[in-house]
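What follows is a short report on a single structure.
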Amino acid sequence: MNAGLEDVVAASTVLSDVDGKNGRLIIRGSSLDDLVTNDRYENVLALLFAGFFPQTPSLPAALGAARAEIFDHLTAVDPTLLTLPPVDAMRALLARLDDGDDLSAALRLVAAPAVFIPALLRLKAGKSAIAPQPASSHAADTLRMMTGDIPSPEQTAALDRYLVTVADHGLNASTFAARVVASTRAGLTSSVLAALSALKGPLHGGAPGPVLDMLDAAATPDNAPNWIAAELARGERLMGFGHRVYRVRDPRADALKSAVRLLAGAGAIDPARLALAEAVERTALDQLKAKKPDRPLDTNVEFYTALLLEALGFPRQAFTGVFAMGRVGGWIAHAREQAETGRLIRPRSLYIGPQPQAAA
Ligand code: COA
């Protein structure tokens, strides 16, 4: 038995390969580095979906139309929903979508986080939701629906780069959850709901909010070493470091660091915040190495995600929802692949409870 299923291969996939030894991520034959440099999210989505749906429309236009369609679902928002954290409110809205398995159902699910998260943030703040512009890119439209302003090219590129970076990542916990549900032949909405529920935990997609909490608590570059030492002495885990598969630096951390630099170059990130983050990263790496010399613990995707999403104006409570905005493409492609080529996923458990008493 292997409680965390480490090293267990539970699916074969054409979608992505996480090479933990060499710190490489391949998505359908392209390296992450190439994709973040050359492709926008819509292209990567088309790459992930290729062959899993019979129709192949122009994806940017079809996704824009899906955003417009999803906007109408905001009529379901009620005051109770607005008391929930954004990711939970979004999950409730997603649960109302038709549980189909065709391309239109898939595109509605991809559009949903991009429309629901900005709208929920505005509604929670007592403002009205802003309707999508179907001709905009997915990233630019999301930022405009949140702030009401046209984002700068650097802001759009930074969010786009983030979405590409997190679009797919092997059999991570949320993708596995999506595949388990798809293996029962339930629809795509069911798979996405299961995946989203897995994503929100702090050991998976819930980490970047706590990364900012850590930066706040460390407060200044000078204070960072003492604060980190105290956390580690208490047995706490440092958010944004370590990974189940990567034994070297997570390649996604570098992809996002370059997007953060793009924002910095355009004056769209607070330099003091960036300097604090870099100091915390350096100190954390040094102290983790000293504490666990045999266990390589390096920066993961969540560390620079936190800085990037904060600089783009997303509140930390919304970070998991923005992660879902990118990863939903991967979840859907995996769900389709599982339903088409996989078996019902049904492992066994080892019973360690008591046996019934023999009759007297
Ligand atoms: N900070 C401090 N110590 C850490 C650590 C971190 N971020 N990540 C792992 N460790 C320590 C563990 O406490 C453990 O120590 P122990 O052997 O004394 O108990 C050792 O390193 C091995 O950890 P393990 O739990 O086997 O690693 P894992 O593969 O299960 O964990 C994560 C992977 C991602 C869950 C883990 O690194 C973590 O909790 N990171 C922080 C949360 C985070 O950033 N999540 C986003 C992931 S993309």
**Request:** Within segment 325-343, identify whether any single residue is more than 30 Å from ALA66 (Cα to Cα), touching a strand residue (DSSP E or B) at 6+ places or on another chain (Cβ under 8 Å) and open to solvent by less than 20 Å² (accessible area, probe 1.4 Å), and answer yes or no.
**Result:** no
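A quick yes/no check of all residues on (1) surrounded by fewer than 22 Cβ atoms within 10 Å (Cβ to Cβ); (2) in a helix (DSSP H, G or I):
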residue	(1), (2)
ARG144	yes, yes
GLN155	no, yes
HIS169	no, no
VAL181	no, yes
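Select, from LEU262, LEU232, the only residue that is in a helix (DSSP H, G or I) and modelled with pLDDT under 95. Even if it seems obvious, please write down each step before you answer.
On the way: LEU232 fails: modelled with pLDDT under 95.
Only one candidate qualifies: LEU262.
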**Request:** Output yes when any residue across segment 101-120 is more than 27 Å from GLU337 (Cα to Cα), touching a Gly at 6+ places or on another chain (Cβ under 9 Å) and open to solvent by less than 40 Å² (accessible area, probe 1.4 Å), and no when none is.
**Result:** yes
**Request:** Tell me, yes or no, whether segment 239-251 has at least one residue that is away from the ligand (no atom under 14 Å from the Cβ), surrounded by 16 or more Cβ atoms within 10 Å (Cβ to Cβ) and assigned to a helix (DSSP H, G or I).
**Result:** no
**Fill in**
Filtering segment 211-229 down to residues that are more than 19 Å from the chain's Cα centre (by Cα), closer than 20 Å to ALA311 by Cβ, among the aliphatic types (A, V, I, L, M) and assigned to a helix (DSSP H, G or I) yields MET214, LEU215, ALA217, ALA218, ALA224
**Prompt:** Taking segment 290-314 as the search range and keeping residues that are under 22 Å from PRO118 (Cβ atoms) and outside any helix (DSSP H, G or I), which one is most open to solvent (accessible area, probe 1.4 Å)?
**Reply:** GLY313
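Restricting attention to segment 4-42, which residues are in a helix (DSSP H, G or I) and exposed (fewer than 15 other Cβ atoms within 10 Å of the Cβ)? Even if it seems obvious, please write down each step before you answer.
We begin by selecting, within segment 4-42, every residue in a helix (DSSP H, G or I); these are 32-38, 41-42.
Within segment 4-42, ASP33, ASP34, THR37, ASN38 qualify.
Just to check your reading of the model, which residue among THR56, THR75 is out of contact with any Pro (no Cβ under 9 Å at 6 or more places or on another chain), hydroxyl-bearing (Ser, Thr, Tyr) and assigned to a helix (DSSP H, G or I)? Please lay out each step first, then the result.
Numbers: THR56 fails: assigned to a helix (DSSP H, G or I).
Going through THR56, THR75 in turn, the sole match is THR75.
The values are calculated or read from the model by the stated rules, or taken from the named source; none is laboratory data. Predicted model, so just to flag it, every value in this text is computed and none were measured. Ideal geometry is used to build each Cβ from the backbone, glycine not excepted, and the neighbour counts take in all protein chains shown. Heavy atoms of the whole protein, side chains included, go into the accessibility calculation; ligands, DNA and RNA do not. Shrake-Rupley method; radii C 1.70, N 1.55, O 1.52, S 1.80 Å.
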